[in-house]
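Read through the structure below, which is laid out as structure tokens, and then see the notes.
Every number here is computed from the coordinates shown, using simple stated rules; none is lab data. Everything numeric here is computed off the predicted structure, so don't read it as measured data. Every residue, glycine as well, gets a Cβ built from its backbone with ideal geometry; the counts of neighbours run over all protein chains shown.
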Amino acid sequence: MNDSPIRQIVIVGGGTAGWMTAALLSRALGEQVDIRLVESDEIGTIGVGESTIPSIRLINAFLGLDEDDLLRSVRGTIKLGIQFNDWTRPGDSYLHAFGDIGLPLGLLPFHSHWLRSHQEPAAPDLWAYSLNARAIATHRFARMERVGETPLTGLRWAYHLDAGLYARYLRQHAAQRVQRTEGKVVKVHLRPADGFIESVQLASGETIAGDLFIDCSGFRGLLIEDALKTGYEDWRHWLPCDRAVVAPSSRVEPLRPFTQANARPAGWQWRIPLQHRSGNGHVYCSQFMSDDEAAALLVGSIEGELLEQPRQLRFTSGMRRQSWNRNCVALGLAAGFMEPLESTSIHLIQSGVQRLLNLFPDRHCDTALIAEYNRQTRFEYERIRDFLILHYRAIARRDTPFWQQCARIALPEPLERKIALFRSGGRIVRDADELFAEPAWLQVMLGQGIVPTGHSPLADALEQAQLDEFLSHIRTLLERAVDVMPGHAEFIARHCAAAITPAAA
Ligand code: FAD
């Protein structure tokens, strides 16, 4: 029997990280623990983080949230993937659509057969075999988990959501089980014997003690860094963008079921469609562009009417040397941040909580648990980092000093290996259970202009006529499937339209 169980968890921070952690921990741990969350209205939250990946839907299942209610509450829309514009050269466009592409055949993944077929100049491109890509192209959506009775998987989707409303929604959900305290933490008390955090002190003078502390205080890392001096690994030599300027604008039609990421002279710009407005942000490298220039470029390219003045944000892509140090686990921006090109930060909060639950400690916080948590966290961060670097490094574009510098980024070994294997025969290797699956690597490698010099010899075993029939059958099935889907805007109107008053917009 465990004679020193965790009884009191203190979460510092009430942004997406704080409330997501509170909701998940309170659901998983039930009455065994008291959870207290401290947040400061004066400091507020970062107020960005509006594009997600499909794993976010697992949270709904775990917390028992109704998807329509969630989308209505956060004024959300559906995200089927990301459209990358102007990355390889101005005017070019490719998709990272979620979900599977085609079907495996024999011993080979689908793309090996497609690569063979693609030697013909008129052969359809890869995205003709992705249901998500077809729905993106026609702005359609339905909750279709399979393509009829066929082995083809249906749509895979995530959400665009209003970050402030999402944190509020999770807060409402967790409210009954989590004690919320409004106040500013001004001091962190450490236990002299072992340096564990004993309590946090608020500006009001109140002291809150705990057995386990979760640092969700944002970039600053009030507990993990200010108090425990854990250290931060700076990855700007791999991911050079370090600033963003953000501004909302009025909603534009059509309501797109995808995020747009448009390359810019010293970075890139996002467009995120919400029900009541669009989110816009320009991510850039301060070494090559001033804040004023970045803001002017953003404002000049916004679709619709600007609703607020642009707001500047600074960040350093990288990760905390240890996300779990002593009795403190950092989640969200306090744990690290990789720029938002593939919308991975909210996912990292979720997977961090899941990891913590799998390795849940007692009050002693066994060093073996801490080491394993940090090892798994590092693996997840580093493989996501590599996927992001791919977008910058594998690029034909050399038209500005920023993109010229990107072409010189030294690749981490796992990424170098992945690119070499893809180039030499279209092989995609995925390390263990890294986040991004084969279709994601495939689309971004091809999209960024890495062309395999050949295909697997096993693909040649299939008769040409068989291959043609296999491919055309998949295209027909996907075409029929997408034809019966309603438009994305129609889906939202029918299932989850938010009541939006002009003042609320
Ligand atoms: P915050 O929102 O900063 O919250 C910190 C909390 O700590 C607040 O409640 C604050 O009041 C509290 N706090 C701080 N100090 C104290 C104190 N002394 N006392 C008491 N309370 C305190 N993620 C995605 O998944 N998709 C995206 O598209 C995306 N886009 C992004 C774009 C940009 C430019 C940036 C910078 C980030 C983006 N992110 C994105 C990341 C996303 O915004 C964060 O992961 C998410 O919002 C979680 O933030 P947080 O809760 O860790 O921090």
For segment 398-497, convex hull of alpha carbons as volume per residue, Å³:
212 Å³
Interchain or sequence-distant (5+) residues whose placed amide H lies within less than 5 Å of the amide H of Gly81 are Phe98, Thr259
Using the alpha-carbon centroid of each, what span in Å lies between segment 163-201 and segment 366-384?
23 Å
Fewest to most Cβ atoms within 10 Å: Thr21, Thr377 sort as Thr377, Thr21
In degrees, nearest 10, range 0 to 90: what is the angle between the Cα axis of helix 291-301 and the longest Cα principal axis of the chain?
50 degrees
Counted neighbours (other Cβ, 10 Å), sorted fewest up, put Tyr94, Tyr232 in the order Tyr232, Tyr94
Restricting things to alpha carbons, find the Rg to Rh ratio for the chain using the Kirkwood radius for Rh.
0.98
Which net charge results when you count Lys and Arg as +1 and Asp and Glu as -1 among the other residues whose beta-carbon is under 14 Å from that of Leu65?
+1
From phi via Karplus (6.51, -1.76, 1.60), per-residue ³J(HN,Hα) for segment 401-417 in Hz, x at Gly/Pro
x, 4, 5, 5, 5, 4, 5, 9, 4, 6, 7, x, 3, x, 6, 4, 5
By a straight-distance test (C-alpha under 21 Å), which lysines pair with Lys187 as possible cross-link partners, with residues fewer than eight away in the same chain excluded?
Lys229
Per-residue ³J(HN,Hα) for segment 102-116, Karplus 6.51 cos²θ - 1.76 cosθ + 1.60, θ = phi - 60°, Hz, x for Gly and Pro:
x, 9, x, 9, x, 8, 10, x, 3, 5, 5, 5, 4, 4, 4
For segment 420-442 and segment 44-98, distance of Cα centres in Å
23 Å
Between the Cα axis of helix 163-174 and the main Cα principal axis of the chain, the angle (0 to 90°, nearest 10) is 60 degrees
Cross-link partners among aspartates and glutamates for Lys184, C-alpha distance below 13 Å, same-chain residues fewer than 8 apart left out?
Glu39, Asp41, Glu42, Glu206
Any residue on another chain or 5+ positions along whose placed amide H is under 5 Å from the amide H of Arg180 is listed here as Leu37
Give me the three principal axis extents of segment 39-118 from the C-alpha atoms, as integers in angstrom, largest value leading.
58, 38, 21
Relative to 2.2 N^0.38 Å, what does the C-alpha radius of gyration of segment 1-147 come to as a ratio? Two decimals please.
1.50
Exposure proxy order (Cβ contacts within 10 Å, fewest to most) of Phe141, Phe491
Phe491, Phe141
Between the residues Phe436, Val12, Leu255, the Cα farthest towards the positive end of the dipole of the chain, that dipole coming from +1 and -1 charges on the beta-carbon of Lys, Arg, Asp and Glu, is from Val12
